[in-house]
Amino acid sequence: MAERAAFLERIRTEVGKTRGLFDASTAPRPTHPTEAAEAIKRQMAERWPEALERFKEEFERIAGVFHRAATLDDVPGVLVDVARQKSATRLVAWEPSVLGFDPRPRLSAEGLSLAVAATDVDDATRLRHREESAAAQIGVTGADWVLAETGTLILISGRGRPRATSLLPDTHVAVFDRSRLVESLVQVGVLLEALHVDPAHSMSGAMINFITGPSRTADIELTLTRGVHGPKEVHAIFVEST
C-alpha cells in the first residue's frame, strides 16, 4: 500500500512540473436536472441543423459512414444497401419496439436474416442474443444521444437493447433523428443527471457506451488495427422525418 501511495505521489509531482494544455475543471452538477434537461431540448429544437452538420463532419473525420433516410420506412432499404456492400447476410438488431421500427419484413424479402433482441430476458435468452450478435455481420441499434462535437454515438444498454448488438458484429449501424442530437459533453452530463433522478425514466442498463468511430488499437510500434475490441465500421443513419 505504501508503494502505491509513493508511486501516485511521484506522478503528481511530475505532472505538477508543467502546466496542462488548457485549464480544466469539473462541470457543476445541475441543481434541478429535469428542468435543465428540458431547457437543452428546447435549445436543440432550434439548433439541431447546425449540430447535425457538426456531427457529420466529426463522424466522417473518424472514419464513420453517414447516411440519410427520409422516414423510418426508408431505413430498411438503407440497411439492405449496407448489407449488399458488405456482402453480409446475417444481421442482429435491438427489439423493434425499442428500435422504433421493424426491419424484418424488408430484410426477409431480400433474403437477409435478422435476429432481434427480446425485452423479457433470462440467462438463456441473453446468451442466445450474444451468440447471434457474435455470428452476425451487422448490428443495428438506435442511439440515445448523438454528440456533435466529437461525432460520438451514446447508447444505454437495457431490456431489448443489449450492448452486444453494437459491439460484436463487424459493422455497427445506428439509427437516429433530430431529437437525439446534442452539442456538447456538458449537455450529455445534464441529460444523464435527469435520467438518474427521475424514477420513471431511470437508467435500467448496466452500461453507457460512448462510441466514437470504429474500434481502434495500436501496438507499441503504433501499428493501427481496427476491430480488435469492437466493430471495424460504424454507420449512422439520420432519419429526416419520423
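The set of residues in segment 134-165 that are more than 13 Å from Ala115 (Cα to Cα), touching a helix residue (DSSP H, G or I) at 6+ places or on another chain (Cβ under 7 Å), outside any loop (DSSP other than H, G, I, E, B) and not aliphatic (A, V, I, L, M) contains only Trp145. Of all residues in segment 178-185, none are within 30 Å of Glu131 (Cβ to Cβ), touching a residue at least 40 places away in the same chain (Cβ under 8 Å), touching a Leu at 6+ places or on another chain (Cβ under 9 Å) and not in a helix (DSSP H, G or I). Put simply, of Ala6, Ala2, Ala27 the only residue that is among the hydrophobic types (A, V, I, L, M, F, W, C), over 29 Å from Arg226 (Cβ atoms) and touching a residue at least 60 places away in the same chain (Cβ under 8 Å) is Ala27. Taken over segment 20-69, the criterion of being surrounded by 11 or more Cβ atoms within 10 Å (Cβ to Cβ), out of contact with any helix residue (DSSP H, G or I) (no Cβ under 6 Å at 6 or more places or on another chain) and not in a helix (DSSP H, G or I) is satisfied by His32, Ile62, Ala63, Gly64, Val65, Arg68. Say whether the condition of being part of a strand (DSSP E or B), on the phi < 0 side of the Ramachandran plot and either within 15 Å of the chain's Cα centre (by Cα) or without any contact (Cβ under 8 Å) to a residue 24 or more places away in the chain (or both) is met by at least one residue in segment 192-207. No; the residues of segment 192-207 include none that is part of a strand (DSSP E or B), on the phi < 0 side of the Ramachandran plot and either within 15 Å of the chain's Cα centre (by Cα) or without any contact (Cβ under 8 Å) to a residue 24 or more places away in the chain (or both).
The residue list Pro33, Pro76 contains one member that is in contact with a Leu (Cβ under 9 Å, 6 or more places away or on another chain), at pLDDT below 95 and farther than 21 Å from Leu168 by Cβ, which is Pro33. If the condition is being assigned to a loop (DSSP other than H, G, I, E, B) and closer than 24 Å to Val80 by Cα, then segment 108-132 contributes Glu110, Gly111, Leu112, Ala117, Ala118. For segment 167-190, a residue qualifies if it is within 23 Å of Glu240 (Cβ to Cβ) and not aliphatic (A, V, I, L, M), and the qualifying residues are Thr171, His172, Phe176, Asp177, Arg178, Ser179, Arg180, Glu183, Gln187. With respect to Val80, determine if the residue is assigned to a helix (DSSP H, G or I), among the aliphatic types (A, V, I, L, M) and touching a Lys or Arg at 6+ places or on another chain (Cβ under 7 Å). Criteria met by Val80. Against the criterion of being polar (S, T, N, Q), closer than 15 Å to Gln187 by Cα and within 23 Å of the chain's Cα centre (by Cα), Thr71 does not qualify.
Applying the condition of being at pLDDT 70 or above and not hydrophobic (A, V, I, L, M, F, W, C) to segment 208-222 and asking which residue is farthest from Ser157 (Cα to Cα) yields Thr217. Only residues that are in contact (Cβ under 8 Å) with a residue 60 or more places away in the chain and charged (D, E, K, R) were counted across segment 75-130, and they come to 2. Residue pairs whose Cβ atoms lie under 8 Å apart, separated by 6 or more positions or on different chains, with the first residue in segment 46-60 and more than 22 Å from Val234 (Cα to Cα) and the second at pLDDT 95 or above, are Arg47/Glu183.
The values are calculated or read from the model by the stated rules, or taken from the named source; none is laboratory data. Treat the numbers as computed from the prediction; the structure is a model and nothing was measured. With ideal geometry, Cβ positions are generated from the backbone for all residues, glycine too; neighbour counts draw on all protein chains shown.
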